[in-house]
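As structure tokens, the structure follows; a few thoughts come after it.
The values are calculated or read from the model by the stated rules, or taken from the named source; none is laboratory data. Note that the structure is a prediction, hence the values are computed from the model and not measured. Cβ placement follows ideal geometry from the backbone for every residue including glycine, while neighbour counts extend to all protein chains displayed. Accessible surface is based on the protein model in full, side chains and every heavy atom, while ligands, DNA and RNA are left aside. Shrake-Rupley method; radii C 1.70, N 1.55, O 1.52, S 1.80 Å.
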Amino acid sequence: MKALVIGFGKMGMLHAATLRMMPDISEVIIAETSPLIHRVIRTFAPDAHIVTDYREAFDDAAVQCAVIATPTASHAPIFQTLAPRLQSIFVEKPFAAGLADATSAISALPPKGSSAVMVGHCLRYSPIFVEAKRLIDAGVVGELTGFQATVFSSDVLKPARSWRFKGAAAGGGVLLDLGSHLVDMTRYFFGTPDRLTGRIRAIVSQDTEDAFESEWFYPNFSGKLEGSWSKPDCRKATLQIRVMGRQGQMTVTDDAVEVQIDSPAAGLPAGKTRLPITALEGPTAFELAGPLYTHQMEAWLRAVNGATLRANTLEENLINLDLIDHIRNSSGQSVRPAVTV
Amino acid sequence: MTPLPLDPFILGDNAFLGVNHRSRQEGDERARRFADPREVAQVCLLARKYGAGGLMLSSHARAGEFLNAIRAEPGLKDFRIYPNIPYIMKYVQKSTQSGVSGLLNEIFSAGSWHRQFATLARGGIAYLQKDFRSLLAAAVDLELAPYRRHPLPAVFLHNGLADLALGLGWTDVFRFWDELIRRKYRAEPGFGTANLPRMAEALARSGLKKPLIMAPFSAAGFHMNPSQADCEAAVQTGSFSLLAMNILASGSIAPEKAFEYVARFPTVKNFVVGATSEAHLAQNAALLKNYLVGVKIDQRK
């Protein structure tokens, strides 16, 4: 089958290259509006199939799946246009700018028939976070007492030009961008909270937030989330979750899981254990920017071929967007999420 | 002019930049230590003493400082530099900040060739394809400008870009790189990759004879894709020269085991090894000497 990749920015490039290496995909068609990008592609790949308007690919019956990797605010309208023609759609995270946009987009999916809609929260395919989730579920730190989840980058230390940092095109600021990873991962670890509070604030941007804070409440514990893309001295974006329990604590970053426990649990000895990425990560069919992107694409293509999607489903992402909307709008007040599993 | 021969033992620069695949915290600690570029030159001097012939150096923001410090050190006069360009994090960050179109605009509008390109683009002339190649060559010139006063045996295309071209099937990029680096820099063109067998096939299909590839190759199998066995089989064909990197898998395997593993592949004769202490450099040099028969390293004690 052929795949259509809409948007040839950083993520579109990555997904196009990864998909092209998949045995199921015979051709990747690139849809991109920038004439400059067209010219560069033509220089180095004269035979590349590239169109300006993604709808030009609709007539080709071999096009069976599509990736949306455009600025966030355009995800929902593109999804709405695609859905009657194609039901196998991968949408780069976040799925939409908010729950309302997402709900109207998915209304375009045919009421009957199967669909393979996946949202690109790539960390779900990192062996580090999968192992951390396994350890939490196995009770490695005992009964949970709290958590601290943070994501920081130095992307916006002065007013930036990209669509990512403009409220109108991005649909939001750091909360929707980096924060959506944190929201997804925190919910993956601990589930949907009963209540939450949230605050957002601008640091250097004119029309969007550069930082956020949130507190999530569960029946027996609570935890804090914090994020900013205006933190100096971050070589790259860094996500970290510290999990506290009655028997110890665990720190998860993108390079290791570190566990400090009082007594043996979940197959780990008492004391400190460090599980680095080098010990957890295996080889992959094709690696570009880390194996997790390939694992993610493989999972999606399995779903396109009829398998059940186990992570990054549309349903999960509606919950994520609901939580993000609440963090954005709660102004520090405690609120209850509306969407539940 | 024939390119300079490759050194068997090349010092890696990851530690100087705060890159550690095993631990970001350790990486950050190292970055703080090397905030003073003279520290980098001191490690190079030690590495030279233990047989390293050169330094692999990405074109990150501090590359110029490091090169100045190396030039200022009399004991490093013949120390060679192996550029690995472009420093991919710089462009990832720029594309995040400006978008890919913005990044391309920036690349194709910086430097002395800006006016020429702007004129051509406005005129919409028919040779635009050729001009983009010239402009990209000029961008490579700009990237390599700080390295020009050093002997450059090889110039590597960073794996982030090489693997992107591989995935997209843009094999023209490989021919472009090969031709440019040989013609203009009289150096061996190198290709970084985390997909060794596929890259070797693609370079062969592009008509490149016995290309130089830099790829992870370790007992741990870390980043050896699609599998350690496939990478080993590719190496055994002898159809390319491998500069083995990450052989210590960011310190996750014992050096003895690491060198014992690479010694099983006699066609592999060149290694990038990261080390920042005299003890580690001495240990690595001794292991290189013990295990790698035929690999001559020059220890200057």
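In table form, for the structure just shown:
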| read-out | value |
| --- | --- |
| Failed criterion for A:D101 (all others in (1) free of Cβ contacts under 8 Å to residues at least 60 places away in the same chain; (2) assigned to a helix (DSSP H, G or I); (3) touching a Gly at 6+ places or on another chain (Cβ under 9 Å) hold) | (1) |
| Members of segment B:235-251 found to be of a type in the set (G, A, S) and under 23 Å from B:P5 (Cβ atoms), listed by number | B:G238, B:S239, B:S241, B:A244 |
| Residue list for segment B:161-175, filter: surrounded by fewer than 21 Cβ atoms within 10 Å (Cβ to Cβ) and part of a helix (DSSP H, G or I) | B:L161, B:L164, B:D172, B:R175 |
| Evaluation of B:C44 against (1) of a type outside the set (D, E); (2) at pLDDT below 95; (3) closer than 26 Å to B:H280 by Cα (one fails), failing number | (2) |
| Members of segment A:1-12 that are at the interface with chain B (Cβ under 9 Å from one of its Cβ atoms) and assigned to a helix (DSSP H, G or I) | A:K10, A:G12 |
| Residues (over 20 Å from A:V335 (Cα atoms) and either over 20 Å from the mean Cα position of the chain (by Cα) or surrounded by fewer than 21 Cβ atoms within 10 Å (Cβ to Cβ) (or both)) located in segment A:199-223 | A:A202, A:I203, A:V204, A:S205, A:Q206, A:D207 |
| Yes/no for A:D254 being at pLDDT below 95 and within 14 Å of chain B (Cβ to nearest Cβ) | yes |
| Residues of segment A:320-341 classified as under 17 Å from the mean Cα position of the chain (by Cα) and either surrounded by fewer than 22 Cβ atoms within 10 Å (Cβ to Cβ) or among the charged types (D, E, K, R) (or both), total | 2 |
| Test: residue in segment A:286-301 that is open to solvent by 20 Å² or more (accessible area, probe 1.4 Å), over 28 Å from A:A211 (Cβ atoms) and of a type in the set (S, T, Y) | no |
| Those residues of segment B:176-205 which are assigned to a helix (DSSP H, G or I), small (G, A, S) and facing another protein chain (nearest Cβ under 9 Å), in sequence order | none |
| Residues satisfying the stated conditions in segment A:13-67, i.e. part of a helix (DSSP H, G or I), within 8 Å of another protein chain (Cβ to nearest Cβ) and touching a residue at least 60 places away in the same chain (Cβ under 8 Å) | A:L14, A:A17, A:T18 |
| Residues of segment A:143-194 that turn out to be open to solvent by 30 Å² or more (accessible area, probe 1.4 Å), assigned to a loop (DSSP other than H, G, I, E, B) and more than 13 Å from A:A73 (Cβ to Cβ), as a count | 7 |
